[in-house]
Each structure stands twice: as C-alpha cells, then as structure tokens.
Amino acid sequence: MPALVSLALGRGLDLLGTALGQWLPVLLLAAGVAGACWYRRARATPPAPRRLRNFTLLRTERADGTPVRYETTQPTGTKITQWVDGRQHELTDVQLEDGNYAAEPFDHR
C-alpha cells in the first residue's frame, strides 16, 4: 500500500491538491447537514388527532344546580368565547374525577 501512495504522489495524483480535494470538506459538511435535516423530518412525530373532549366550566351552574358542561375538539389552552355567567373560560388539561376536563374562568388570574 505505501508503494501505491508514493507512486501516486510521484505522478502528481495527490487528491488533496486537485479541485475536488479542495472542496471535499465543504461537500462533506453539506451532505452532513442535508442528512441531519432529512433524519429530523423523517423522525418527526405527527400531530395528535383532534378528539372530542367534555369540559366542566368551573364556577358555573345551571338552574338545577349542576355544573355547565362544554363539548369541543379545541386543544387545551384555548380561550372559548362562550360566555357563561359573564365569564370567558380557558380550556385546561386537568382531568376531574368524573372524566371531564376543567375549564377555568379566564379572569381567575
């Protein structure tokens, strides 16, 4: 093997001296970046499908004394525009004992 290297160097076949050899680090860097981007895109998790959730609007009640329930596919953190008892509510990911999720009054802060 050393004989082939010395023969190549003796004939001027030095790969680092060629035009390809000068751009080889740039080419490898670009291939690495493209590979990393492709890998991230391929491994990205798809968004969770929207599902129907039941929310209990806290600090509200109907005429019969039961809490007001709201059914939606909106994600948590959404401020719902339905006004109940003069309050706007924000959907949370807190699950109550009955399986419904809590919707806090927006003015609770």
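The values are calculated or read from the model by the stated rules, or taken from the named source; none is laboratory data. Just so you know, these numbers come straight off a predicted model, no measurement behind them. Here the Cβ positions follow ideal geometry from the backbone for every residue, glycine too, while neighbour counts run over all protein chains shown. Surface accessibility is based on the protein's heavy atoms, side chains included, excluding ligands, DNA and RNA. Shrake-Rupley method; radii C 1.70, N 1.55, O 1.52, S 1.80 Å.
Worth a mention:
- In this simple spin-label model, placing a label point 7 Å from the Cα along the Cα-to-Cβ direction at both Asp93 and Phe106 gives a separation of 2.2 nm.
- Using R0 = 30 Å, the C-beta based FRET efficiency linking Tyr39 and Arg69 works out to 0.10.
- For the residues Tyr101, Tyr70, Tyr39, a 1.4 Å probe over the protein chains yields an accessible-area ranking, largest first, of Tyr39, Tyr70, Tyr101.
- Residue (of Gly86, Tyr101, Thr66) at the positive-pole extreme of region 53-105, dipole from beta-carbon charges: Gly86
- Debye, to nearest 20: dipole size of region 53-105, +1 on Lys, Arg Cβ, -1 on Asp, Glu Cβ: 180 debye
- Global geometry of region 53-105, whether rounded, prolate or oblate, following the gyration tensor of its Cα atoms and the 1.5 cut on a/c: oblate
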